[in-house]
Ligand SMILES: Cc1ncc(COP(=O)(O)O)c(C=O)c1O
(Lines give C-alpha, C1' and ligand atoms only; values in the text may rest on other atoms or scores of the structure.)
Protein backbone atom coordinates (compact mmCIF):
# COMPACT_ATOMS: atom_id res chain seq x y z
CA UNK A 1 0.00 0.00 0.00
CA UNK A 2 1.19 3.51 -0.80
CA UNK A 3 2.22 5.28 2.39
CA UNK A 4 0.96 8.75 3.28
CA UNK A 5 -1.04 9.13 0.09
CA UNK A 6 -2.88 12.44 -0.06
CA UNK A 7 -6.27 11.36 -1.29
CA UNK A 8 -8.16 14.10 -3.14
CA UNK A 9 -10.40 11.86 -5.23
CA UNK A 10 -13.40 11.75 -2.92
CA UNK A 11 -15.83 12.47 -5.77
CA UNK A 12 -14.89 9.05 -7.20
CA UNK A 13 -15.39 7.38 -3.86
CA UNK A 14 -15.05 8.70 -0.34
CA UNK A 15 -12.01 7.10 1.24
CA UNK A 16 -11.13 6.18 3.87
CA UNK A 17 -14.39 5.39 5.61
CA UNK A 18 -15.05 6.01 9.30
CA UNK A 19 -13.59 3.26 11.48
CA UNK A 20 -17.06 2.38 12.76
CA UNK A 21 -18.12 1.46 9.22
CA UNK A 22 -15.30 -1.06 8.75
CA UNK A 23 -15.96 -2.49 12.20
CA UNK A 24 -19.71 -2.91 11.75
CA UNK A 25 -19.34 -4.47 8.28
CA UNK A 26 -16.98 -7.06 9.73
CA UNK A 27 -19.03 -7.70 12.85
CA UNK A 28 -22.33 -7.91 10.97
CA UNK A 29 -21.06 -10.31 8.30
CA UNK A 30 -19.47 -12.56 10.90
CA UNK A 31 -22.46 -12.70 13.21
CA UNK A 32 -25.47 -12.12 10.95
CA UNK A 33 -24.31 -12.79 7.39
CA UNK A 34 -27.30 -14.97 6.44
CA UNK A 35 -29.80 -14.42 3.66
CA UNK A 36 -32.57 -12.10 4.89
CA UNK A 37 -36.16 -12.70 3.95
CA UNK A 38 -35.44 -16.18 2.58
CA UNK A 39 -35.80 -18.27 5.71
CA UNK A 40 -37.82 -18.23 8.91
CA UNK A 41 -35.17 -18.81 11.57
CA UNK A 42 -34.32 -16.11 14.08
CA UNK A 43 -31.03 -15.01 12.57
CA UNK A 44 -32.55 -14.53 9.10
CA UNK A 45 -35.31 -12.46 10.67
CA UNK A 46 -32.75 -10.38 12.56
CA UNK A 47 -30.73 -9.77 9.38
CA UNK A 48 -33.96 -8.83 7.56
CA UNK A 49 -34.77 -6.42 10.34
CA UNK A 50 -31.64 -4.37 9.62
CA UNK A 51 -32.71 -4.13 5.98
CA UNK A 52 -36.19 -2.95 6.96
CA UNK A 53 -34.89 -0.47 9.49
CA UNK A 54 -32.43 0.93 6.96
CA UNK A 55 -35.28 1.47 4.49
CA UNK A 56 -37.09 3.47 7.17
CA UNK A 57 -34.01 5.38 8.16
CA UNK A 58 -33.04 6.36 4.61
CA UNK A 59 -36.61 7.30 3.69
CA UNK A 60 -36.57 9.72 6.62
CA UNK A 61 -33.07 10.91 5.73
CA UNK A 62 -34.23 11.89 2.23
CA UNK A 63 -37.53 13.38 3.43
CA UNK A 64 -39.54 10.74 1.55
CA UNK A 65 -42.94 9.27 2.48
CA UNK A 66 -42.29 7.67 5.84
CA UNK A 67 -45.47 5.60 5.65
CA UNK A 68 -44.16 3.76 2.57
CA UNK A 69 -40.59 2.76 3.48
CA UNK A 70 -40.90 -0.24 1.15
CA UNK A 71 -40.44 2.29 -1.67
CA UNK A 72 -36.83 2.67 -0.57
CA UNK A 73 -35.19 0.26 -3.01
CA UNK A 74 -31.67 -1.13 -2.81
CA UNK A 75 -29.56 -1.60 -5.92
CA UNK A 76 -25.82 -2.04 -6.60
CA UNK A 77 -25.05 1.66 -6.97
CA UNK A 78 -26.65 4.78 -8.41
CA UNK A 79 -25.92 3.68 -11.98
CA UNK A 80 -27.93 0.55 -11.37
CA UNK A 81 -30.68 2.60 -9.69
CA UNK A 82 -30.89 4.97 -12.67
CA UNK A 83 -31.05 2.01 -15.02
CA UNK A 84 -34.12 0.84 -13.12
CA UNK A 85 -35.89 4.15 -12.93
CA UNK A 86 -35.23 5.66 -16.40
CA UNK A 87 -36.78 2.78 -18.40
CA UNK A 88 -39.22 2.26 -15.54
CA UNK A 89 -40.70 5.74 -16.03
CA UNK A 90 -40.41 6.37 -19.77
CA UNK A 91 -42.56 4.87 -22.53
CA UNK A 92 -42.29 5.24 -26.32
CA UNK A 93 -43.22 8.78 -27.36
CA UNK A 94 -42.25 10.34 -24.00
CA UNK A 95 -39.90 13.31 -23.73
CA UNK A 96 -37.28 13.65 -21.00
CA UNK A 97 -35.46 16.84 -20.04
CA UNK A 98 -32.01 16.54 -18.53
CA UNK A 99 -28.76 18.52 -18.50
CA UNK A 100 -25.21 18.74 -19.75
CA UNK A 101 -24.09 18.22 -16.16
CA UNK A 102 -25.14 14.57 -16.10
CA UNK A 103 -22.92 11.60 -15.55
CA UNK A 104 -22.93 8.81 -18.13
CA UNK A 105 -25.16 6.91 -15.71
CA UNK A 106 -27.94 9.25 -16.90
CA UNK A 107 -26.71 10.20 -20.39
CA UNK A 108 -26.38 6.64 -21.63
CA UNK A 109 -29.66 5.16 -20.35
CA UNK A 110 -31.45 8.25 -21.70
CA UNK A 111 -29.73 7.88 -25.07
CA UNK A 112 -30.72 4.22 -25.15
CA UNK A 113 -34.34 5.20 -24.54
CA UNK A 114 -34.09 7.62 -27.48
CA UNK A 115 -32.34 5.22 -29.83
CA UNK A 116 -34.11 2.00 -28.90
CA UNK A 117 -37.52 3.02 -27.51
CA UNK A 118 -38.66 6.07 -29.49
CA UNK A 119 -38.30 8.55 -26.64
CA UNK A 120 -37.17 12.16 -27.07
CA UNK A 121 -34.57 13.90 -24.92
CA UNK A 122 -33.40 17.48 -24.38
CA UNK A 123 -30.01 18.12 -22.76
CA UNK A 124 -29.90 21.65 -21.34
CA UNK A 125 -26.67 23.61 -21.07
CA UNK A 126 -25.52 25.15 -17.80
CA UNK A 127 -24.68 28.84 -17.49
CA UNK A 128 -21.14 30.28 -17.30
CA UNK A 129 -21.00 29.59 -13.56
CA UNK A 130 -22.18 25.98 -13.89
CA UNK A 131 -25.86 26.30 -12.97
CA UNK A 132 -29.03 25.17 -14.69
CA UNK A 133 -31.62 27.92 -15.07
CA UNK A 134 -35.09 26.60 -14.09
CA UNK A 135 -36.51 28.90 -16.79
CA UNK A 136 -34.60 26.88 -19.39
CA UNK A 137 -36.37 23.79 -18.09
CA UNK A 138 -39.71 25.60 -18.26
CA UNK A 139 -39.05 26.57 -21.89
CA UNK A 140 -38.05 23.00 -22.80
CA UNK A 141 -41.28 21.45 -21.54
CA UNK A 142 -43.41 19.85 -24.28
CA UNK A 143 -46.86 18.27 -24.08
CA UNK A 144 -45.18 14.83 -23.95
CA UNK A 145 -42.56 15.71 -21.31
CA UNK A 146 -42.79 12.96 -18.73
CA UNK A 147 -39.59 13.21 -16.69
CA UNK A 148 -36.96 15.76 -15.66
CA UNK A 149 -33.64 14.33 -14.45
CA UNK A 150 -31.09 16.58 -12.77
CA UNK A 151 -27.70 15.91 -11.25
CA UNK A 152 -27.88 17.64 -7.86
CA UNK A 153 -24.13 18.19 -7.52
CA UNK A 154 -21.75 18.08 -10.46
CA UNK A 155 -18.97 15.53 -10.10
CA UNK A 156 -16.84 17.66 -12.43
CA UNK A 157 -17.28 21.31 -11.46
CA UNK A 158 -19.01 20.87 -8.10
CA UNK A 159 -21.99 23.17 -8.68
CA UNK A 160 -25.29 22.49 -6.88
CA UNK A 161 -28.56 22.84 -8.75
CA UNK A 162 -31.67 24.64 -7.45
CA UNK A 163 -33.77 21.56 -6.70
CA UNK A 164 -36.59 23.36 -4.98
CA UNK A 165 -37.33 25.65 -7.94
CA UNK A 166 -37.05 22.81 -10.42
CA UNK A 167 -39.23 20.62 -8.20
CA UNK A 168 -41.96 23.28 -8.05
CA UNK A 169 -41.90 23.62 -11.82
CA UNK A 170 -42.19 19.85 -12.30
CA UNK A 171 -45.04 19.64 -9.82
CA UNK A 172 -46.93 22.46 -11.57
CA UNK A 173 -46.60 20.66 -14.92
CA UNK A 174 -47.27 17.13 -13.63
CA UNK A 175 -43.77 15.98 -14.58
CA UNK A 176 -41.85 13.36 -12.57
CA UNK A 177 -38.70 14.87 -11.07
CA UNK A 178 -35.74 12.51 -10.62
CA UNK A 179 -32.56 13.64 -8.86
CA UNK A 180 -29.16 11.98 -9.10
CA UNK A 181 -27.73 12.55 -5.63
CA UNK A 182 -24.49 10.59 -6.17
CA UNK A 183 -22.37 13.56 -5.10
CA UNK A 184 -24.68 15.09 -2.53
CA UNK A 185 -26.43 12.40 -0.48
CA UNK A 186 -24.81 12.63 2.94
CA UNK A 187 -23.26 16.04 2.43
CA UNK A 188 -26.12 18.34 1.33
CA UNK A 189 -29.50 17.98 3.06
CA UNK A 190 -32.20 16.71 0.69
CA UNK A 191 -35.89 16.77 1.56
CA UNK A 192 -38.03 15.17 -1.13
CA UNK A 193 -41.38 16.42 0.14
CA UNK A 194 -40.21 20.00 0.69
CA UNK A 195 -38.32 20.08 -2.62
CA UNK A 196 -41.04 18.30 -4.65
CA UNK A 197 -38.64 15.56 -5.69
CA UNK A 198 -40.39 12.41 -6.87
CA UNK A 199 -37.42 10.06 -7.06
CA UNK A 200 -34.00 10.23 -5.42
CA UNK A 201 -31.27 7.98 -6.80
CA UNK A 202 -28.34 7.49 -4.44
CA UNK A 203 -25.07 5.63 -4.13
CA UNK A 204 -23.69 4.24 -0.89
CA UNK A 205 -19.94 4.57 -1.29
CA UNK A 206 -19.55 8.35 -1.41
CA UNK A 207 -20.65 10.86 1.24
CA UNK A 208 -23.16 8.44 2.74
CA UNK A 209 -20.01 6.72 4.03
CA UNK A 210 -21.17 3.23 3.13
CA UNK A 211 -19.40 0.70 0.94
CA UNK A 212 -19.16 0.06 -2.76
CA UNK A 213 -21.85 -2.25 -4.14
CA UNK A 214 -24.90 -0.56 -2.67
CA UNK A 215 -27.13 2.28 -3.79
CA UNK A 216 -30.80 2.70 -4.45
CA UNK A 217 -33.91 4.71 -5.04
CA UNK A 218 -36.33 6.52 -2.79
CA UNK A 219 -39.63 6.75 -4.67
CA UNK A 220 -42.57 8.87 -3.55
CA UNK A 221 -45.81 6.96 -3.16
CA UNK A 222 -47.65 8.60 -6.08
CA UNK A 223 -45.00 7.58 -8.64
CA UNK A 224 -45.71 4.60 -10.92
CA UNK A 225 -42.62 2.68 -11.98
CA UNK A 226 -42.61 -0.19 -14.45
CA UNK A 227 -40.66 -3.23 -13.30
CA UNK A 228 -37.84 -3.90 -15.76
CA UNK A 229 -36.14 -7.03 -14.40
CA UNK A 230 -37.30 -10.24 -12.77
CA UNK A 231 -35.98 -12.91 -10.46
CA UNK A 232 -36.03 -14.31 -6.95
CA UNK A 233 -37.64 -12.37 -4.15
CA UNK A 234 -37.61 -14.94 -1.35
CA UNK A 235 -41.39 -14.72 -0.96
CA UNK A 236 -44.39 -16.11 -2.93
CA UNK A 237 -42.08 -18.35 -4.93
CA UNK A 238 -44.99 -20.02 -6.72
CA UNK A 239 -45.78 -16.84 -8.71
CA UNK A 240 -44.61 -17.25 -12.32
CA UNK A 241 -43.88 -13.54 -12.74
CA UNK A 242 -42.01 -11.00 -10.69
CA UNK A 243 -43.96 -9.48 -7.80
CA UNK A 244 -45.57 -6.07 -8.31
CA UNK A 245 -45.42 -4.96 -4.68
CA UNK A 246 -42.60 -2.82 -3.35
CA UNK A 247 -39.80 -3.37 -2.52
CA UNK A 248 -39.78 -6.56 -4.63
CA UNK A 249 -41.01 -4.76 -7.74
CA UNK A 250 -37.55 -3.25 -8.11
CA UNK A 251 -35.35 -5.66 -6.14
CA UNK A 252 -34.00 -8.90 -7.53
CA UNK A 253 -32.00 -11.63 -5.83
CA UNK A 254 -29.98 -11.59 -2.63
CA UNK A 255 -29.35 -8.08 -1.34
CA UNK A 256 -25.88 -6.77 -0.52
CA UNK A 257 -26.17 -7.13 3.24
CA UNK A 258 -22.58 -6.12 3.93
CA UNK A 259 -23.41 -2.93 2.03
CA UNK A 260 -26.56 -2.53 4.12
CA UNK A 261 -24.46 -2.82 7.28
CA UNK A 262 -21.97 -0.29 5.91
CA UNK A 263 -24.73 2.21 5.09
CA UNK A 264 -26.23 1.75 8.52
CA UNK A 265 -22.92 2.51 10.21
CA UNK A 266 -22.24 5.33 7.74
CA UNK A 267 -25.49 6.99 8.75
CA UNK A 268 -24.54 6.58 12.42
CA UNK A 269 -21.32 8.44 11.70
CA UNK A 270 -23.09 11.18 9.73
CA UNK A 271 -25.69 11.76 12.43
CA UNK A 272 -22.89 11.87 15.00
CA UNK A 273 -20.93 14.50 13.04
CA UNK A 274 -23.83 16.47 11.53
CA UNK A 275 -24.11 16.68 7.74
CA UNK A 276 -23.86 20.48 7.71
CA UNK A 277 -20.73 20.44 9.84
CA UNK A 278 -18.95 17.97 7.58
CA UNK A 279 -19.86 20.04 4.51
CA UNK A 280 -18.77 23.30 6.13
CA UNK A 281 -15.37 21.84 6.97
CA UNK A 282 -14.92 20.50 3.44
CA UNK A 283 -15.85 23.88 1.98
CA UNK A 284 -13.32 25.63 4.20
CA UNK A 285 -10.64 23.40 2.71
CA UNK A 286 -12.02 23.86 -0.82
CA UNK A 287 -11.88 27.65 -0.39
CA UNK A 288 -8.26 27.40 0.69
CA UNK A 289 -7.51 25.22 -2.32
CA UNK A 290 -9.19 27.57 -4.78
CA UNK A 291 -7.42 30.59 -3.31
CA UNK A 292 -4.05 28.85 -3.52
CA UNK A 293 -4.58 27.60 -7.06
CA UNK A 294 -5.88 30.94 -8.28
CA UNK A 295 -2.62 32.60 -7.26
CA UNK A 296 -0.53 30.29 -9.46
CA UNK A 297 0.52 31.62 -12.85
CA UNK A 298 -0.76 29.34 -15.62
CA UNK A 299 -3.58 27.69 -13.66
CA UNK A 300 -7.10 27.81 -15.09
CA UNK A 301 -10.04 27.17 -12.80
CA UNK A 302 -13.55 26.33 -13.98
CA UNK A 303 -16.87 27.44 -12.45
CA UNK A 304 -15.58 28.31 -9.01
CA UNK A 305 -15.44 32.12 -8.97
CA UNK A 306 -17.83 31.78 -6.05
CA UNK A 307 -18.13 28.71 -3.85
CA UNK A 308 -21.72 29.44 -2.92
CA UNK A 309 -23.96 26.50 -3.86
CA UNK A 310 -20.88 24.43 -4.50
CA UNK A 311 -19.36 21.16 -3.40
CA UNK A 312 -15.72 20.82 -2.43
CA UNK A 313 -14.90 19.64 -5.96
CA UNK A 314 -12.60 21.83 -8.03
CA UNK A 315 -11.70 21.48 -11.71
CA UNK A 316 -8.53 23.05 -13.09
CA UNK A 317 -5.90 22.85 -15.80
CA UNK A 318 -2.32 24.00 -16.10
CA UNK A 319 -1.37 25.83 -19.30
CA UNK A 320 0.84 23.74 -21.53
CA UNK A 321 0.39 20.42 -19.70
CA UNK A 322 -2.02 17.64 -20.58
CA UNK A 323 -4.36 16.98 -17.61
CA UNK A 324 -3.39 13.29 -17.64
CA UNK A 325 0.26 14.27 -17.25
CA UNK A 326 -0.63 16.60 -14.37
CA UNK A 327 -2.31 13.65 -12.64
CA UNK A 328 0.75 11.45 -13.13
CA UNK A 329 3.11 14.14 -11.85
CA UNK A 330 0.92 14.78 -8.81
CA UNK A 331 0.89 11.06 -8.09
CA UNK A 332 4.52 10.20 -8.79
CA UNK A 333 6.25 13.36 -7.58
CA UNK A 334 3.87 14.51 -4.84
CA UNK A 335 1.97 11.40 -3.71
CA UNK A 336 -1.36 13.07 -4.42
CA UNK A 337 -4.34 11.18 -5.89
CA UNK A 338 -6.73 13.13 -8.14
CA UNK A 339 -8.87 12.21 -11.12
CA UNK A 340 -8.14 13.55 -14.58
CA UNK A 341 -9.87 13.28 -17.96
CA UNK A 342 -13.59 13.52 -18.65
CA UNK A 343 -14.90 12.12 -15.34
CA UNK A 344 -17.67 10.08 -17.05
CA UNK A 345 -19.45 13.38 -17.69
CA UNK A 346 -18.42 14.21 -21.26
CA UNK A 347 -21.05 16.89 -21.89
CA UNK A 348 -19.61 19.10 -19.14
CA UNK A 349 -16.25 19.00 -20.87
CA UNK A 350 -17.84 19.48 -24.28
CA UNK A 351 -19.56 22.62 -23.05
CA UNK A 352 -16.36 23.90 -21.44
CA UNK A 353 -14.46 23.20 -24.68
CA UNK A 354 -12.11 20.75 -22.98
CA UNK A 355 -12.73 17.48 -24.80
CA UNK A 356 -9.97 17.92 -27.39
CA UNK A 357 -7.46 18.82 -24.68
CA UNK A 358 -8.42 15.71 -22.66
CA UNK A 359 -10.61 17.32 -19.99
CA UNK A 360 -9.29 18.56 -16.70
CA UNK A 361 -7.75 17.81 -13.33
CA UNK A 362 -10.28 17.34 -10.54
CA UNK A 363 -9.52 17.79 -6.87
CA UNK A 364 -12.27 16.56 -4.59
CA UNK A 365 -11.92 17.23 -0.89
CA UNK A 366 -13.40 14.79 1.61
CA UNK A 367 -14.28 14.59 5.26
CA UNK A 368 -10.86 13.32 6.28
CA UNK A 369 -8.66 15.78 4.42
CA UNK A 370 -6.57 18.25 6.35
CA UNK A 371 -5.08 21.71 5.83
CA UNK A 372 -1.74 20.04 5.22
CA UNK A 373 -3.25 18.01 2.33
CA UNK A 374 -4.47 21.20 0.70
CA UNK A 375 -1.13 22.93 1.17
CA UNK A 376 0.60 19.93 -0.44
CA UNK A 377 -1.82 20.05 -3.39
CA UNK A 378 -1.22 23.77 -3.94
CA UNK A 379 2.52 23.21 -3.71
CA UNK A 380 2.37 20.30 -6.18
CA UNK A 381 0.40 22.31 -8.72
CA UNK A 382 2.72 25.31 -8.29
CA UNK A 383 5.74 23.11 -9.04
CA UNK A 384 4.15 21.63 -12.17
CA UNK A 385 3.04 25.07 -13.39
CA UNK A 386 6.58 26.41 -12.83
CA UNK A 387 8.03 23.47 -14.76
CA UNK A 388 5.57 24.13 -17.59
CA UNK A 389 6.43 27.83 -17.73
CA UNK A 390 10.15 27.08 -17.82
CA UNK A 391 9.67 24.45 -20.51
CA UNK A 392 7.66 26.89 -22.61
CA UNK A 393 10.25 29.62 -22.13
CA UNK A 394 13.05 27.23 -23.18
CA UNK A 395 11.10 26.23 -26.29
CA UNK A 396 10.63 29.85 -27.28
CA UNK A 397 14.31 30.62 -26.70
CA UNK A 398 15.48 27.68 -28.79
CA UNK A 399 12.97 28.24 -31.57
CA UNK A 400 14.58 29.39 -34.85
CA UNK A 401 13.56 32.95 -35.68
CA UNK A 402 13.29 34.97 -38.90
CA UNK A 403 14.61 38.44 -39.26
CA UNK A 404 12.48 40.84 -37.33
CA UNK A 405 11.91 38.13 -34.72
CA UNK A 406 9.02 36.54 -36.64
CA UNK A 407 8.87 32.94 -35.32
CA UNK A 408 9.42 30.26 -37.94
CA UNK A 409 6.55 27.90 -38.53
CA UNK A 410 7.62 24.39 -37.56
CA UNK A 411 6.55 21.73 -40.01
CA UNK A 412 4.62 18.80 -38.56
C1 LIG B 1 -23.17 12.56 -10.48
C2 LIG B 1 -22.85 11.11 -10.55
N3 LIG B 1 -23.80 10.25 -10.96
C4 LIG B 1 -23.56 8.94 -11.02
C5 LIG B 1 -22.36 8.40 -10.63
C6 LIG B 1 -22.16 6.93 -10.68
O7 LIG B 1 -21.96 6.43 -9.40
P8 LIG B 1 -21.82 4.85 -9.16
O9 LIG B 1 -20.55 4.47 -9.85
O10 LIG B 1 -21.75 4.71 -7.71
O11 LIG B 1 -22.97 4.21 -9.78
C12 LIG B 1 -21.35 9.25 -10.18
C13 LIG B 1 -20.06 8.72 -9.80
O14 LIG B 1 -19.07 9.39 -9.73
C15 LIG B 1 -21.62 10.63 -10.13
O16 LIG B 1 -20.71 11.48 -9.70
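The values are calculated or read from the model by the stated rules, or taken from the named source; none is laboratory data. The shown structure was predicted, so the numbers you read here are calculated from the model rather than taken from an experiment. As a convention, Cβ positions derive from the backbone with ideal geometry for all residues, glycine included, and neighbour counts pool all protein chains shown.
Go through 242, 222 for me and flag whichever is surrounded by fewer than 21 Cβ atoms within 10 Å (Cβ to Cβ), more than 30 Å from residue 349 (Cβ to Cβ) and modelled with pLDDT of 95 or more. Going through 242, 222 in turn, just one is surrounded by fewer than 21 Cβ atoms within 10 Å (Cβ to Cβ), more than 30 Å from residue 349 (Cβ to Cβ) and modelled with pLDDT of 95 or more: 222. With respect to the conditions (1) surrounded by 14 or more Cβ atoms within 10 Å (Cβ to Cβ); (2) more than 16 Å from the ligand (Cβ to nearest atom); (3) farther than 25 Å from residue 231 by Cβ, residue 28 falls short on a single one, namely (3).
The residues of region 104-115 that are in contact with a helix residue (DSSP H, G or I) (Cβ under 8 Å, 6 or more places away or on another chain) and either within 13 Å of the ligand (Cβ to nearest atom) or under 15 Å from residue 81 (Cβ atoms) (or both), listed by number, are 104, 105, 106, 107, 109, 110. I'm told residue 11 meets every condition in (1) crowded, with 20+ Cβ neighbours inside 10 Å; (2) under 23 Å from the mean Cα position of the chain (by Cα); (3) more than 16 Å from the ligand (Cβ to nearest atom) except one. Can you identify the failing condition by its number? Unmet condition: (3).
Which members of region 172-213 meet the condition of being within 11 Å of the ligand (Cβ to nearest atom) and not in a loop (DSSP other than H, G, I, E, B)? Of everything in region 172-213, those that are within 11 Å of the ligand (Cβ to nearest atom) and not in a loop (DSSP other than H, G, I, E, B) turn out to be 179, 180, 201, 202, 203.
Determine, yes or no, whether residue 356 is free of Cβ contacts under 8 Å to residues at least 60 places away in the same chain and out of contact with any strand residue (DSSP E or B) (no Cβ under 9 Å at 6 or more places or on another chain). Yes; evaluated as a whole, the condition is true for this residue. Inside region 75-95, residues that are within 20 Å of the chain's Cα centre (by Cα) and either near the ligand (Cβ under 10 Å from one of its atoms) or without any contact (Cβ under 8 Å) to a residue 60 or more places away in the chain (or both) make up a count of 9. Hey, among 272, 234, 259, which residue is outside any loop (DSSP other than H, G, I, E, B) and surrounded by 17 or more Cβ atoms within 10 Å (Cβ to Cβ)? From the options 272, 234, 259, the qualifying one is 259. The criterion of at least 2 residues that are within 21 Å of residue 184 (Cβ to Cβ) is met by the following strands (runs of 3 or more DSSP E) wholly inside region 302-383: 313-318, 360-364. Each residue in region 35-53 was checked for being in contact with a helix residue (DSSP H, G or I) (Cβ under 8 Å, 6 or more places away or on another chain) and at pLDDT below 95, and 7 of them qualify.
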